[in-house]
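To start, the structure itself, in structure tokens.
The values are calculated or read from the model by the stated rules, or taken from the named source; none is laboratory data. These numbers were taken from a predicted model, which means no experiment stands behind them. As a convention, Cβ positions derive from the backbone with ideal geometry for all residues, glycine included, and neighbour counts pool all protein chains shown. For the accessible areas, the whole protein counts, side chains as well, though only heavy atoms, and no ligand, DNA or RNA atoms are used. Shrake-Rupley method; radii C 1.70, N 1.55, O 1.52, S 1.80 Å.
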Amino acid sequence: VGLPAQTTPFDVVTLLHVIDRARRPLTLLERARALVAPGGLLVVATPLPLSTHLHVAGGTVDAEEVLPADDDAGASWEQSLSSLVARVLLPLGLTVERVARAPYLSRGDANAPIYSLDDAIVVLRRPRA
């Protein structure tokens, strides 16, 4: 998934706008968590509601791992956040420290030149041993 197999743990690891674009997002989250030192932070940011979309070689492909919260199409931002936290982030053994909602602008397509989305920024803490 592009993360080093072994390294010294970090105080803070960030995954900004990648879990909805990763082929194996659950593996990515698990490996990122493993890089966080005890007492350290994992920061995850993603637009909500989730809409996994992978671009490969000029086309789109399905992810090899499906985020459990990705099936919440039509859900509100708040419902999507609750699902993401409960079904994806808390199972990593982390605790939520902070949550923020921020505007997120994304390049558009044939339907719109730009999309204005609502981003979730979740700060999680790894427990001390």
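When the Cα positions of Val12, Leu92, Leu105 are compared along the charge dipole of the chain, Val12 comes out farthest toward the positive end, with charges on each C-beta of Lys, Arg, Asp and Glu.
Take the stretch 18-129 with all the other protein chains still there, run a 1.4 Å probe, and you get 55 Å² of accessible area per residue.
State, as an integer percentage, the relative contact order of the chain based on alpha-carbon contacts under 8 Å between residues 6 or more apart. Please list the in-between numbers first.
Values: 239 pairs, mean separation 35.1, N = 129.
That works out to 27 percent.
Expressed as a whole percent, the accessible area of the chain that falls on carbon and sulfur atoms is 53 (1.4 Å probe).
Separation of the stretch 82-104 from the stretch 4-47 is 13 Å, based on Cα centroids. Computed extension gain for Leu54 through Trp77, at 0.36 nm per residue and net of the alpha carbon distance, reaches 6.1 nm.
Mind ordering 50-57, 117-124 by average Cβ neighbours within 10 Å, highest first? Mind dumping the intermediate values first?
Numbers: 50-57: 12.9, 117-124: 18.9.
Those peptides, ordered most packed to least, come out 117-124, 50-57.
Per residue of the chain, the DSSP helices (runs of n ≥ 4 H) give a summed -39500 (n - 2.57) that works out to -4000 deg cm²/dmol at 222 nm. Applying the criteria of a DSSP loop state and at most 16 other Cβ atoms within 10 Å to the trypsin sites (Lys or Arg not before Pro) of the stretch 65-129 yields Arg128. Ranking Pro68, Ser83, Ala37 by Cα position along the charge dipole of the chain, where only Lys, Arg, Asp and Glu carry charges on their C-beta atoms, puts Ala37 farthest toward the positive end.
Would you work out if the stretch 18-86 is rounded, prolate or oblate? Take a ≥ b ≥ c from the square roots of the eigenvalues of the alpha-carbon gyration tensor; rounded if a/c is under 1.5, else prolate when a/b is larger than b/c, oblate otherwise. Walk me through the intermediate numbers first.
Values: a/c = 2.36, a/b = 1.19, b/c = 1.98.
Note, shape of the stretch 18-86 comes out oblate.
Taken along its three principal axes, the alpha carbon spread of the chain comes to 50, 32, 22 Å, from the longest extent down to the shortest. Ranked by the mean number of other Cβ atoms within 10 Å of their residues, highest first, the peptides 31-41, 8-18 come out as 31-41, 8-18.
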